[in-house]
1. Could you check how many residues of region 1-27 are buried (at least 16 other Cβ atoms within 10 Å of the Cβ), within 18 Å of residue 96 (Cβ to Cβ) and modelled with pLDDT of 90 or more?
2. Out of everything in region 32-50 that is free of Cβ contacts under 8 Å to residues at least 40 places away in the same chain, assigned to a helix (DSSP H, G or I) and not polar (S, T, N, Q), what residue ends up being nearest to residue 128 (Cα to Cα)?
3. Of all the residues that make up region 132-183, how many are in contact with a Gly (Cβ under 9 Å, 6 or more places away or on another chain) and either surrounded by fewer than 16 Cβ atoms within 10 Å (Cβ to Cβ) or acidic (Asp, Glu) (or both)?
4. Can you say whether residue 84 is at pLDDT below 80 and within 30 Å of residue 157 (Cβ to Cβ), as far as the supplied structure shows?
5. Considering only residues that are under 16 Å from residue 17 (Cα atoms) and of a type in the set (Ser, Thr, Tyr), look in region 32-73 and name the one that is modelled with the highest pLDDT.
6. Test residue 93 against the stated conditions and say whether it is under 14 Å from the mean Cα position of the chain (by Cα) and aliphatic (A, V, I, L, M).
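The values are calculated or read from the model by the stated rules, or taken from the named source; none is laboratory data. Predicted model, so just to flag it, every value in this text is computed and none were measured. Glycine also receives a Cβ, built like all others from the backbone with ideal geometry; neighbour counts cover every protein chain displayed.
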Amino acid sequence: MLRPETSNDLFIILLLISIVFIAVAKLFFEKRFNHFSTVLINSSYLKVFSRDQKFFDLFDGLLFLNLIFSISIFSFISYNSLISPEDTSDLYIFNLIIGVGIFILIKVLIERLIGSLFTVDNLIDKYLFQKTSYKNFLGLVLTPINIILLFSITPNRTVIICVIILLIIINCIGLLTSFKSNLNLIKREFFYFILYLCALEIGPYLILYKVFLENKV
């Protein structure tokens with residue numbers, strides 16, 4: 001297994017919780033879930049459901065929780081495979097989950113705060129809905145990948161890098177779709193767009209990457 005020192009039971013529990021989140025989302029929002037599952041190739045989901053978005057949406061909330069669990073598990077696998085195979089405890093995994101959740105939430109709250117400060121709440125809400133939808137889709141994709149990496153094949157550098165590239169492609173498709181739908185505004189405020197891109201889309205991940213390399217969560 002990936003790490004004899006870390007109980008496989010913990011991964012099984014975390015994956016089961018993730019699957020429950022997905023199953024509940026599909027059970028109570030079947031039509032929306034089916035529509036959402038094609039978001040990568042059909043942007044109509046974004047147009048239809050962005051009209052009814054709320055500050056807290058149960059469907060997005062369930063998939064967001066799955067995203068946190070999925071990213072945390074994959075980050076653990078990646079760290080173990082690419083950087084350090086040292087022993088870790090279950091507490092490390094829980095800290096990682098909390099850290100990932102706090103990081104994403106703070107980033108979203110900062111973006112909402114910026115929207116309020118510059119009185120572009122509607123624009124930011126629409127943009128965040130688009131971006132969150134693609135990130136939740138990324139979490140959906142990661143769930144079966146994590147199962148395969150943990151219990152089927154032995155992850156190595158090549159496999160991990162291929163998965164990371166896939167995730168980057170999904171994320172880039174989401175960003176490009178969002179930017180395309182706001183192209184006129186971006187052209188008009190290009191300087192602020194570049195500033196936003198560097199400060200909130202690139203900067204936080206560079207900082208997180210540096211922290212991830214230098215310290216264990």
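1. The total comes to 4.
2. Of the residues in region 32-50, the ones free of Cβ contacts under 8 Å to residues at least 40 places away in the same chain are 32-35, 38, 41-42, 44, 47-48.
Subsequent filtering for residues that are assigned to a helix (DSSP H, G or I) retains 32-35, 44, 47-48.
Those still in the list that are not polar (S, T, N, Q) too: 32-33, 35, 47-48.
On the way: 32: 18, 33: 18, 35: 18, 47: 13, 48: 15 Å.
If we take residues in region 32-50 being free of Cβ contacts under 8 Å to residues at least 40 places away in the same chain, assigned to a helix (DSSP H, G or I) and not polar (S, T, N, Q), then 47 is nearest to residue 128 (Cα to Cα).
3. Of the residues in region 132-183, 0 are in contact with a Gly (Cβ under 9 Å, 6 or more places away or on another chain) and either surrounded by fewer than 16 Cβ atoms within 10 Å (Cβ to Cβ) or acidic (Asp, Glu) (or both).
4. Criteria met by residue 84.
5. The selected residue is 70.
6. No: the conditions fail for residue 93.
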